[in-house]
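Below: the structure, in structure tokens.
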Amino acid sequence: MSTLEIVFADGVYTLRLSRPDVHNALNAALFAELSGAIARIDADPDARAVVLTGAGRSFCAGADLDELTGLGAEAAHRLLSRGQAVLRALEALGVPVIGAVNGAALGGGCELALACDFLLAADDARFALPESGLGLMPGYGGTQRLPLLIGAHAARFAMLTGRPIGAERAYQLGLVALPPVPAGELASLAREVAAEVAGRSVAANAAILAATSTSRARDAGLDLEAALAAIAVSGSHAAEGIAAFRERRRPGFQGGAT
């Protein structure tokens, strides 16, 4: 069963994450379909813009914990590196990618949103990197992209506390490009903005994306993040944090991180 819906019309690809029963959590199948879609768009000379959104009430609730649980550091590093590679490819597309965030964009879902060229949001959208509460850390680029977008101090606060950033606050911080709209109006706003972008020069848009990209200088930071996040995944704090999350209790982190 497909985990990603793809629609193409008038030069605009709409990619809709489609695992609504688990709030569009990122798993290997979804990453594989995203990777294939990105390659398809990259090879399509008629592609002019992309809208990325989520089915149901959430944009994306983050990484699928079933795939992380019990992994050793090496296996975790392979999984995280594969996810990072997909987000890097999304970020490197020469076609503008518009994230239309409906509901929760948490953990890896927030990191997926951060890899878009700019974001639109429904008024019920919320962004959070709550991994430290599970004994984990962002591993799909959050430690690198969020500080660039909202500043180092605000990003550290968000990651160290796990507090969500609401749609209006995200707009104030510059994380979202336009004021948030009612959830029922987000799709039409995304189509309107995508059509506006698609109607401009493809060559000029690609040049603007290349000139404003910071991905080359960030590669070393992303590699370090993947290594540190893999160590966190394999540690005792992650085991306790994930167990506590599933049992709906407060985690009892003891001692160091190993």
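Derivation of every value follows stated rules applied to the coordinates shown; laboratory data play no part. Source: prediction; values computed, not measured. Cβ sites come from the backbone with ideal geometry, for glycine too, and all protein chains shown count toward neighbours.
Structure values in brief
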{"item": "Alpha carbon centroid spacing (whole Å) that separates the range 110-127 from the range 1-67", "result": "14 Å"}
{"item": "Spin-label model distance (nm) - L228 vs R249, 7 Å beyond Cα toward Cβ", "result": "3.1 nm"}
{"item": "Calculated SAXS-style log₁₀ I(q)/I(0) at q = 0.07, 0.17 Å⁻¹ - the chain, Debye, Cα scatterers", "result": "-0.22, -1.37"}
{"item": "Note, ³J(HN,Hα) from phi for the range 146-160, Karplus 6.51, -1.76, 1.60, rounded to Hz, x at Gly and Pro", "result": "4, x, 5, 8, 10, x, 5, 5, 5, 5, 4, 4, 4, 7, 7"}
{"item": "Electrostatic dipole magnitude of the chain [Cβ: Lys, Arg +1; Asp, Glu -1; Cα centre; debye, to 20]", "result": "500 debye"}
{"item": "Principal-axis tilt of helix 215-233 within the chain, Cα atoms, nearest 10 degrees", "result": "30 degrees"}
{"item": "Helix axis angle, 186-198 relative to the chain longest principal axis, alpha carbon, degrees", "result": "60 degrees"}
{"item": "Mean Cα-pair separation over length for the chain, i.e. relative contact order, pairs under 8 Å, 6 or more apart, %", "result": "21 percent"}
{"item": "Kirkwood-type radius of the range 71-125, with distances r between different C-alpha atoms, in Å", "result": "12.3 Å"}
{"item": "5 angstrom amide H check on V51, placed H, neighbours 5+ away", "result": "Y13, T14, L15, I98"}
{"item": "Positive minus negative residues near S35 (Lys, Arg vs Asp, Glu; Cβ under 12 Å)", "result": "+1"}
{"item": "Computed over the range 169-258: relative contact order in percent, which uses C-alpha pairs under 8 Å that are six or more apart", "result": "15 percent"}
{"item": "Using alpha-carbon coordinates, inclination of helix 73-92 to the longest axis of the chain, degrees", "result": "20 degrees"}
{"item": "Solvent-free Debye scattering, log10 I(q)/I(0), computed from the Cα coordinates of the range 18-103 at q = 0.14, 0.16, 0.20 Å⁻¹", "result": "-0.54, -0.70, -1.01"}
{"item": "The range 100-228: Cα Rg divided by the 2.2 N^0.38 Å rule of thumb", "result": "1.09"}
